[in-house]
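So the structure is just underneath, and the comments pick up after that.
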Amino acid sequence: MTRIVAGFAGSLPLAVPKTGTRPTSDRVREAIFSALDARDIVRGARVLDLYAGSGALGLEAASRGARIVTLVENSFGAAQLCRKNTDAVLRAAPKKDTPKIKVTSQAVQSFLAATGEGFDLVFLDPPYDLPEIELGHNLAALAPLLDEDALVVVERSSRSPEPTWGPGLESDRRKDYGDTTVWYAVPVSAQDLPPA
């Protein structure tokens, strides 16, 4: 069973799609958020959860104090479950400090091309079979939308190569959890980029 690990919605069970997604295990999610807590990046953050699936990563951030959370999921059925899970999390939220949570049902690349919003924390947990080149396109489109102190968290199979970060992002660290590898990346400021 997938559930919110901590925060105001701690222990709340989440509905997950029966097929087509691979939810982040509670153990990996707990480890990711432990690392994020050490950086003090979640509270008050503008969070983007790409390839959201059930919305577990973004909703975990909301439960732990993120201010705005956007869940992007292309599958109509999974997006419907994101909305159901969002409603459950919002019902558990304190009335005077309720996060704003949006669910959008569209392809990640289309969302990134159209949004004008900025983000402090981004999760990318694409299907393991997503081609590396497509992930690279996602990261390239994402980089201009990041706050200078933002953090990007990418979850991949431990058999996948390091993502192609492209200009505007650089690897910060990696952590392995069995078959899962979590990559952390940070924005590169314009003055740190090599000349064109």
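Within segment 27-35, not a single residue is without any contact (Cβ under 8 Å) to a residue 12 or more places away in the chain and either buried (at least 17 other Cβ atoms within 10 Å of the Cβ) or within 29 Å of Ile133 (Cβ to Cβ) (or both).
Within segment 66-107, take every residue that is in contact (Cβ under 8 Å) with a residue 12 or more places away in the chain, closer than 17 Å to Val42 by Cβ and assigned to a loop (DSSP other than H, G, I, E, B) and give me the one that is most open to solvent (accessible area, probe 1.4 Å). Once the filter is applied, the top-ranked residue is Arg67. Among the residues of this structure, Arg156 does not count as one that is surrounded by 12 or more Cβ atoms within 10 Å (Cβ to Cβ), over 28 Å from Lys102 (Cβ atoms) and under 16 Å from the mean Cα position of the chain (by Cα).
Quick check, is Tyr177 among the aromatic types (Phe, Trp, Tyr), open to solvent by 40 Å² or more (accessible area, probe 1.4 Å) and either under 16 Å from Ala62 (Cα atoms) or out of contact with any Leu (no Cβ under 9 Å at 6 or more places or on another chain) (or both)? In short, no. Here Glu117 meets each of (1) under 30 Å from Pro13 (Cβ atoms); (2) in contact with a strand residue (DSSP E or B) (Cβ under 8 Å, 6 or more places away or on another chain); (3) at pLDDT 95 or above with one exception, condition (3).
The values are calculated or read from the model by the stated rules, or taken from the named source; none is laboratory data. The model shown is predicted, which means the values in this text are computed figures rather than measured ones. Don't worry about glycine lacking a Cβ; one is built from the backbone with ideal geometry, like all the others, and counts go over all protein chains shown. Please note that ligands, DNA and RNA were not included when accessible areas were found on the heavy atoms of the full protein model with its side chains. Shrake-Rupley method; radii C 1.70, N 1.55, O 1.52, S 1.80 Å.
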